[in-house]
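The values are calculated or read from the model by the stated rules, or taken from the named source; none is laboratory data. Just so you know, these numbers come straight off a predicted model, no measurement behind them. Don't worry about glycine lacking a Cβ; one is built from the backbone with ideal geometry, like all the others, and counts go over all protein chains shown.
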Amino acid sequence: MLAQNPFVELPGELPLLTIVTFLPAIGAALIALMPKESQKAIFGTGIFVSLLTFVISIGVWRAFDDVVGFQMVDRAEWAPGGIGYALGVDGISILIVMLTTFIIPIALWSATKAIEHRVKEFVIAVLVLETAMIGALLAIDLFLYYVFWEAMLIPMYLLIGIWGGKNRLYATTKFFIYTMAGSVLMLVAMVYVYLKGGGVSSALVDVANTTFTFTRDAPWKSEQTWLFLAFALAFAIKVPLFPLHTWLPDAHTEAPTAGSVILAAIMLKVGTYGFLRFAFPLFPSAAGYFSPLFLVLAVIGIVYGAFCAYNQTDVKKLVA
């Protein structure tokens, strides 16, 4: 049972979070209008937009106050039943957002020499991916989060599938299947959480007030168990947690260097963030019950990864 709602919302005066989220997508739209032959201008525009996004994220950080709750909340209703647009930042998300906006211009700059074909599409994919990642980190509505979560899949799939190595089709297929399997279960769990709350709001601050059953003597008959595992599986695949990690070495190896950087520096952390934002606070009893299992899997993953890395000569596989 959830004894206390851990989420509080503090509205902002300016839509800073909306700006920092969608500025890269706006940049991608502008680049879509540019002639594909202007490769230097395309890269320059992409790097400029990503740097501007980083500067705005610094403004978000400076405006951030070290208090409990989501700050600078941007909220709007966009569908019946309390399904809305809601962005908010707190102490967990602010640093990962800044990391994201810091890494993207570096990744684009590193690609200026490496990417020579379909440059326009490449830069657009990276900027759309940035919007999706920032949105996933700032979304405080269940269904809005899911939209951004799924939106991350498409540009990364394209980055690996179009600009990847010789085995890129195998890597992208594996990446897609693993990610979608977890995402479908998480969506089912989200719908259940929403309906259990009366179907009146999908905002995180509201669904956190919903009580889900959990009994330690009969965990498999408890709501929290199945809901937690549905969320946890999606996040464990993204982290990735042993033994759900097998998609990662292939994705890292086949991805272009910029894609590999984004994957390692940001996307994998979005999975860990998901545990902290949704799985643990919404289903605390189940999280506590299954924590020994996840700790054991994490330790196995560390030891297994160390042995695999010991004789590894491929730098990308070493990172994976």
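Here are Thr100, Thr45: which of them is modelled with pLDDT of 90 or more and crowded, with 23+ Cβ neighbours inside 10 Å?
Thr100
Go through (1) more than 30 Å from Gly84 (Cβ to Cβ); (2) over 21 Å from the mean Cα position of the chain (by Cα); (3) in contact (Cβ under 8 Å) with a residue 12 or more places away in the chain one by one and return the number of the condition Pro249 breaks.
Checking Pro249 against (1) more than 30 Å from Gly84 (Cβ to Cβ); (2) over 21 Å from the mean Cα position of the chain (by Cα); (3) in contact (Cβ under 8 Å) with a residue 12 or more places away in the chain, the one that fails is (2).
May I ask you to list pairs of residues, at least six apart or on different chains, whose Cβ atoms are under 8 Å apart, with the first in region 201-220 being touching a residue at least 60 places away in the same chain (Cβ under 8 Å) and over 12 Å from Gly84 (Cα atoms) and the second being among the basic types (Lys, Arg) and outside any loop (DSSP other than H, G, I, E, B)?
Final answer for the pair search is Thr210/Lys196; Phe212/Lys196.
Taking only region 57-95 into account, find how many residues are on the phi > 0 side of the Ramachandran plot and not in a strand (DSSP E or B).
3
Applying the selection to region 202-238, what residues are part of a loop (DSSP other than H, G, I, E, B) and crowded, with 20+ Cβ neighbours inside 10 Å?
Of everything in region 202-238, those that are part of a loop (DSSP other than H, G, I, E, B) and crowded, with 20+ Cβ neighbours inside 10 Å turn out to be Ser202, Phe212, Phe214, Ser222.
Only residues that are within 15 Å of the chain's Cα centre (by Cα) and either of a type in the set (Asp, Glu) or over 22 Å from His117 (Cβ atoms) (or both): list them for region 252-270, please.
Ala264, Ala265, Ile266, Met267, Leu268, Lys269, Val270
Among the residues of region 124-164, how many are of a type in the set (Asp, Glu) and in a helix (DSSP H, G or I)?
Residues meeting the conditions: 2.
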